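The values are calculated or read from the model by the stated rules, or taken from the named source; none is laboratory data. None of these values were measured; they are calculated from a predicted model. Positions of Cβ are backbone-derived with ideal geometry, glycine not excepted, and every protein chain shown enters the neighbour counts. The protein model used for the area step is the full one, side chains on, heavy atoms only, and it has no ligands, DNA or RNA in it. Shrake-Rupley method; radii C 1.70, N 1.55, O 1.52, S 1.80 Å.
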Amino acid sequence: MNPTTSQPKIKTGTPPMLIAARIARISVGIVFIFSGLIKLNDPVGTQIKFEEYFEVFAQDLPFMHNFFMALVPFTLIMSVLFCAAEVILGVALLASYKPKVTVWLLFFLIVFFTFLTFYSAYFDRVTDCGCFGDAIKLKPWTSFSKDIILTVLILFIIGHRNRLRSRNTGWLVGLTIVLTLALGIYAVQFLPPIDMLPYAVGKNIPTGMKPSEPLRYKYVMEKNGKTSEFEQYPTDQSYKFKEMVLVNQNAKPKITDYRIWNDEGDFTQQTFEGNKLFIIVKNTKEIDAGSLPAIRSLVEGLKGSIVSPYILTSTSDDEIKAFRKEFQLETVPYYKADATVLKTIMRSNPGTWLLSNGVVLGKWHYNSTPNAAEVKKIVSDRVAGVAKE
């Protein structure tokens with residue numbers, strides 16, 4: 001008889017920890033690509049957030065005031081590069097392109113973002129970090145929690161980085177670099193391809209200023225050390241009021257700070273009457289003067305039409321009067337608006353914004369200022385469409 005020898009069992013399948021590392025890699029890659037693309041769609045919005053952070057740091061750290069303020073002029077470039085980096089590194093991670101280098105770059109990037117969101121949450125500064133642009137609004141602590149989860153996932157990937165195989169996908173990463181930078185530059189030069197702001201084309205401004213349904217609140221009260229919630233304010237005076245909480249948060253007005261005025265009074269309601277073309281001048285010092293001839297030609301072409309041009313600005317009276325005189329726009333009335341509102345309405349300086357009875361019909365960067373015939377046609381088509389309804 002031949003002695004029977006036992007054969008060792010061969011392990012099959014993928015180790016659970018490797019599967020977990022792959023899931024983490026895919027999850028992190030998708031989140032970074034999604035976040036980066038949303039912000040690349042509107043890099044000026046991210047620029048505004050960077051400016052807010054640097055101004056806050058300059059106030060909170062006075063010994064570094066000059067350093068942070070010196071960074072402000074470069075915030076638009078930083079915005080495009082940081083947003084593009086999110087997409088590029090996300091694609092590189094999914095494509096396993098130089099994974100060891102990629103995962104460490106992602107780690108440094110998420111540490112930077114985590115610091116910003118922690119600062120926002122803990123010190124109650126810059127209450128909207130803009131992590132997902134204007135598509136998804138997150139509260140500061142929610143943003144910070146999201147970044148902590150991503151940090152943990154990236155650290156987990158780093159712990160298993162030796163198991164990640166590098167693949168010959170440099171062409172894909174190179175293509176991503178070209179496309180992301182092209183998207184960012186296009187959005188800066190011609191407004192966001194997808195406008196997610198409440199003043200976008202098609203939006204009804206008066207409707208946006210109203211709640212979508214009646215707002216409902218609950219009252220948090222305390223009695224004998226016990227907390228209770230009520231839909232109606234209790235008549236029992238032994239209860240001590242703690243707070244009033246809005247139940248249907250999604251019903252809140254999308255627009256809460258739109259107000260237009262001049263020295264004679266409020267002009268907000270009048271902006272919703274008839275057809276109005278607003279020339280947005282956020283400030284006169286940083287304006288693109290080369291764009292003014294096209295805007296002046298547009299104003300001239302609208303004379304005698306049903307579209308009335310106005311200037312909306314947040315600058316002082318003296319500055320806007322000098323601006324109107326310099327660029328031969330003295331016949332165009334001007335009104336004031338909050339600087340933040342103007343930044344939200346228009347991502348370029350100057351820009352044109354067309355309203356018809358409160359409905360946004362057009363929105364143009366100064367690089368694509370329409371001519372009078374285009375504006376008249378848009379308005380006439382709108383009027384004809386409303387007449388048929």
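Scanning the stretch 100-118 for residues that are more than 24 Å from Arg161 (Cα to Cα) and either among the polar types (S, T, N, Q) or touching a residue at least 60 places away in the same chain (Cβ under 8 Å) (or both) gives Leu116, Thr117. Here Val201 passes the criteria (1) aliphatic (A, V, I, L, M); (2) open to solvent by 70 Å² or more (accessible area, probe 1.4 Å); (3) assigned to a helix (DSSP H, G or I); (4) more than 30 Å from Ala24 (Cβ to Cβ) except the one numbered (3).
Mind listing whichever residues of the stretch 357-388 are under 26 Å from the mean Cα position of the chain (by Cα) and not hydroxyl-bearing (Ser, Thr, Tyr)?
Within the stretch 357-388, Gly358, Val359, Val360, Leu361, Gly362, Lys363, Trp364, His365, Asn367, Pro370 qualify.
When the stretch 295-309 is limited to residues that are in a strand (DSSP E or B) and buried (at least 20 other Cβ atoms within 10 Å of the Cβ), the one that is farthest from the chain's Cα centre (by Cα) turns out to be Val307. Assess whether Ser212 counts as being among the small types (Gly, Ala, Ser), over 30 Å from Leu81 (Cα atoms) and in contact with a helix residue (DSSP H, G or I) (Cβ under 9 Å, 6 or more places away or on another chain). So Ser212 fits the description; yes. Here the stretch 284-311 is the region considered, the condition is being touching a strand residue (DSSP E or B) at 6+ places or on another chain (Cβ under 8 Å) and touching a residue at least 40 places away in the same chain (Cβ under 8 Å), and the residue that is farthest from Lys321 (Cα to Cα) is Ile306.
If we only count helices (runs of 4 or more DSSP H) wholly inside the stretch 52-167, which ones have 1 or more residues that are buried (at least 21 other Cβ atoms within 10 Å of the Cβ)?
Filter on the stretch 52-167 gives 75-94, 99-123, 140-159.
Restricting the stretch 226-256 to residues that are part of a strand (DSSP E or B) and within 12 Å of Leu215 (Cβ to Cβ) leaves a set whose member that is most open to solvent (accessible area, probe 1.4 Å) is Met244. Residues in the stretch 315-344 that are out of contact with any strand residue (DSSP E or B) (no Cβ under 6 Å at 6 or more places or on another chain), open to solvent by less than 10 Å² (accessible area, probe 1.4 Å) and farther than 19 Å from Arg296 by Cβ: Val341 alone. Kindly establish whether Val247 is touching a Lys or Arg at 6+ places or on another chain (Cβ under 6 Å) and of a type in the set (A, V, I, L, M). When the stated conditions are applied, Val247 passes them.
A quick yes/no check of all residues on (1) closer than 22 Å to Gly45 by Cβ; (2) modelled with pLDDT of 95 or more; (3) out of contact with any Pro (no Cβ under 8 Å at 6 or more places or on another chain); (4) among the polar types (S, T, N, Q):
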{"position": "Tyr310", "(1), (2), (3), (4)": "no, yes, no, no"}
{"position": "Gln328", "(1), (2), (3), (4)": "no, no, yes, yes"}
{"position": "Thr344", "(1), (2), (3), (4)": "yes, no, no, yes"}
{"position": "Val386", "(1), (2), (3), (4)": "no, no, yes, no"}
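If I ask for residues that are outside any helix (DSSP H, G or I) and open to solvent by 40 Å² or more (accessible area, probe 1.4 Å), which ones from the stretch 345-374 would you list? Asn357, Asn371, listed by residue number.
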